[in-house]
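Read through the structure below, which is laid out as structure tokens, and then see the notes.
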Ligand SMILES: [Zn+2]
Ligand SMILES: [Zn+2]
């Protein structure tokens, strides 16, 4: 299949690479401002009100944009411009950067590339960044991975973020944009600013996404640290996905997130199991089993006395007690119960700290992705467009 896809890619005309290049991202989602101040940080913009050109925005001018009685009202520091139902702000040249600052709430300024659409939303502003996908991906990678990783890791995270974005681009269709800027979709609070290797990582994987054997975009799941074993998709969520299979991973176990400890009293632990999971704590054999448990690898379900009846999913205990992961051993020491845990997060798909260590050892990004995702293909977006067009 890989050879076939490479062959198709070689035959594709450049024009096919089209429908997946621009994304519409809802900015300040669910915390929309009443007013923002905008300024061109680099380059210049044309501002349109109800489709008519109304203002030239450059680095010397500041525009206040406010919801006033259900319309978008514009003014500079010295003059009123007018009120409109729709504002569009379009860059004059590639690479222009817009600075946005809200005047209420979190006033930290944000920087974005490319164009904007602003509409009234009740008494606030619906602000949509119409952004070239690679600019968006770099901004998301910076939020997900920080600024201190090797470039090869940024390539890994770029492919994942790009795949996620395209796979979820109908998530906010009803609200008039594609993805929000919060953790609900992917955190996107700014263009990438902190490390030039992030943009290089995005550029060096430009357009590459992960597909399964049917050339469908995958759910590119990842978590911080798998604790030594990743999980099958169906062990944590409802569906079986061929590319999300459990593997043993020793790339992350030296990291601080690989280990955690949770301590409680024996009575609290037993009462929790009785009250939340109807567990027979008065049965001495069962009681002993829940006070001393040491798995050889990651267990998904706890068949406590091996009779197939008293079963508890570890993910439920994780959720109830707000544990770092669902992978832990249990030991009773006098009146105390100690849970010794491994990993941080749900454990499905790519392990970020494992992948970071692989990247530091010089392993190429495509090998890292193939290590954590089973039976996948890395293809250019043009291949996806090609198959959608069929
Ligand atoms: Zn969202
Ligand atoms: Zn791991």
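Derivation of every value follows stated rules applied to the coordinates shown; laboratory data play no part. These numbers come from a predicted model, not from an experiment. In this analysis, Cβ positions are derived from the backbone assuming ideal geometry, glycine residues included, and neighbour counts consider all displayed protein chains.
Per-residue ellipticity at 222 nm for the chain, helices alone: DSSP H runs ≥ 4 residues times -39500 (n - 2.57), over residue total, nearest 500 deg cm²/dmol? So the calculated ellipticity at 222 nm is -8000 deg cm²/dmol.
Here is the size of segment 115-204 from its Cα atoms: Rg then Dmax, 13.7, 44 Å. Kindly state, to the nearest 0.05, the FRET efficiency for residue 68 paired with residue 41, given R0 = 41 Å and r defined as their beta-carbon distance. According to the calculation, E is roughly 0.95.
Helix 266-277 and the longest principal axis of the Cα set of the chain meet at an angle near 70°. Give me D for segment 314-390 in µm² s⁻¹, whole number, from Stokes-Einstein with Rh from the Kirkwood sum over alpha-carbon pairs, 25 °C and 0.890 mPa s. This corresponds to a translational diffusion coefficient of 154 µm²/s.
Hey, with R₀ at 41 Å, roughly what FRET efficiency would residue 109 and residue 360 work out to, going by the Cβ-Cβ distance, to 0.05? Once the sixth-power term is evaluated, E becomes 0.80. For the pair residue 275 and residue 184, label points projected 7 Å from Cα toward Cβ lie 3.3 nm apart. Panel order for 302, 237, 94, by other beta carbons found within 10 Å of each beta carbon, from fewest to most: 94, 237, 302. For the pair residue 194 and residue 283, label points projected 7 Å from Cα toward Cβ lie 5.0 nm apart.
Shown for segment 68-113 is the translational diffusion coefficient from the Stokes-Einstein equation, using the Kirkwood radius over Cα pairs, a temperature of 20 °C and a viscosity of 1.002 mPa s: 166 µm²/s.
Expressed as cubic angstrom per residue, what is the convex hull volume of the alpha carbon set of segment 109-264?
Values: hull volume 29.4 nm³, N = 156.
Dividing the Cα hull volume of segment 109-264 by its residues yields 189 Å³.
With N counted as the residues of the chain, its alpha-carbon radius of gyration over 2.2 N^0.38 Å works out to 1.19. Taking the centroid of alpha carbons for each part, segment 218-259 and segment 176-206 are 23 Å apart. Of all the Cα-Cα pairs you can form in segment 21-121, what percent are over 21 Å apart? Every Cα pair in segment 21-121 considered, those over 21 Å come to 27 percent.
Working from the Cα coordinates of segment 51-171, the gyration tensor eigenvalues give, after taking √(5λ), semi-axes of 31, 16, 14 Å in decreasing order.
Quick one: helix 133-145 against the long Cα principal axis of the chain, what's the angle to the nearest 10°, folded into 0 to 90? The angle comes out at about 40 degrees. Principal axis analysis of the Cα atoms in segment 256-342 yields extents of 37, 27, 22 Å, listed in decreasing size.
Using 1/(1 + (r/R0)^6) with R0 = 30 angstrom and r between the beta carbons of residue 234 and residue 173, what's the FRET efficiency to the nearest 0.05? The formula returns an efficiency of 0.60 here.
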